[in-house]
Amino acid sequence: GTNALTSGKATFFNPENPAEGGSEGACGKSESSTTRIVAVNSKQYKSNICGRKVLITHGEKETIAEVRDECPTCEKGSLDLTKIVFEDLGDLITGVLDIVW
């Protein structure tokens, strides 16, 4: 069903960096690293998921963020988070986390 959980990896990005896609996301809204947003891998991204809130879990930790962008470099199942969201789940120094969403 539509509520099936997806497992994958979480990485983080800085929307203000033009090399990482720039401040306007695929959903057409401007973004910053202090907004609680997530970019979905291209295989699962559809424009109709823009604005949808996703619950992301890593071990015992969980957080909620809004879909605002697409991540062409992410594997299927993976999400690219802003740093503020990533830090809810783990340390930036790890770079990558196993997640379920």
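Taken over the alpha carbons of the chain as equal point scatterers, the Debye sum produces base-10 log I(q)/I(0) values at 0.13, 0.15 Å⁻¹ of -0.37, -0.51. Between the listed residues 12, 74, 86, the Cα displaced farthest toward the positive end of the dipole of the chain, a dipole computed from Cβ unit charges relative to the Cα centre, is found at 74. Among the lysines of the chain, pairs at least eight places apart or on separate chains and with Cα atoms under 20 Å apart come to 16. Of the accessible area of the chain, computed with a 1.4 Å probe over protein heavy atoms only, carbon and sulfur atoms account for 49 percent.
Across 64, 49, the residue with the most accessible area heads the list, and the full order at a 1.4 Å probe is 64, 49. Restricting attention to the chain, close to 60% of DSSP beta bridges with both partner residues there are antiparallel.
Could you calculate the contour length gain from residue 7 to residue 57, that is, 0.36 nm times the residue separation minus the distance between their Cα atoms, to one decimal place in nm?
Difference between extended and current length: 17.1 nm.
Loop-located trypsin sites (Lys or Arg not before Pro) in region 26-101 (DSSP state other than H, G, I, E, B) with a sparse environment of at most 16 neighbouring Cβ atoms within 10 Å: 29, 36, 43, 46, 52, 76.
Across region 36-101, Cα pairs under 8 Å and at least six residues apart give a relative contact order of 42 percent. Here is how the number arises for the chain: DSSP H runs of 4 or more residues each give -39500 (n - 2.57), the sum is divided by the residue count, and the result at 222 nm is -1500 deg cm²/dmol.
For the chain, every cysteine has a partner cysteine C-beta closer than 4.7 Å. When the distances between all Cα atoms of region 1-57 are binned every 10 Å from zero, what whole-number percent does each bin get? With a bin width of 10 Å, the distribution comes to 19, 56, 23, 2.
Let me know the charge dipole size of region 16-101 about its Cα centre in debye, to the nearest 20, where only the beta-carbon of Lys, Arg (+1) and Asp, Glu (-1) is charged. Let's see the in-between values first.
Values: 10 positive and 15 negative charges, 81 e Å.
Computed about the Cα centre, the dipole is about 400 debye.
The values are calculated or read from the model by the stated rules, or taken from the named source; none is laboratory data. Keep in mind that this is a model prediction, so the values were computed, not measured. Please note: Cβ atoms are built from the backbone with ideal geometry, for glycine as well, and neighbour counts cover all protein chains shown. With ligands, DNA and RNA removed, areas are computed over all heavy atoms of the protein, side chains included. Shrake-Rupley method; radii C 1.70, N 1.55, O 1.52, S 1.80 Å.
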